[in-house]
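What follows is a single structure, written as structure tokens, with notes after it.
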Amino acid sequence: MITFVLIAAACSTGESSRVRSADGSQSSGASAIPPGWPEGAPYITGIVTQFSNDTVRIEERPAMKGGSPKAVLTIDDATMLRAIGGAEKPRLRVGQRVSAWVGPRVMESYPIRAKALAIQIVEDTTTSKKR
């Protein structure tokens, strides 16, 4: 586990309006990488299981009590947010599938703790309505 945290740290450079969209205002679509977006692969991809104004908990496999990657990330005005579908004003919600880039430091804990540089909403089933 410590090796995984160290490797990832070396590679990493409710709703909230505090997280800004990737371009500073509105998303311009899914295909273009916004200016300032972190390079490389995300640190974690998983489901948002908890969310507040200043933190988000992401779990790769929420049903597993331990052993799967989990992260508690601090979010602020500098954290970039975008949605793959190109939503104009994406918002984080519990139940969304997201990818997160973190840095510059990662605490060696379980779940890991770090600052979220950018979060991309990969899939949002929280807004679909069943008929």
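Considering only protein heavy atoms, what is the solvent-accessible area of T79 at a probe of 1.4 Å, reported in Å² to the nearest 10?
The accessible area comes out at roughly 0 Å².
I'd like the accessible area for Y110, computed on protein heavy atoms only with a 1.4 Å probe and all protein chains in place. Round to 10 Å², please.
100
The values are calculated or read from the model by the stated rules, or taken from the named source; none is laboratory data. Treat the numbers as computed from the prediction; the structure is a model and nothing was measured. All accessible areas refer to the heavy atoms of the entire protein, side chains included, with ligands and DNA or RNA removed. Shrake-Rupley method; radii C 1.70, N 1.55, O 1.52, S 1.80 Å.
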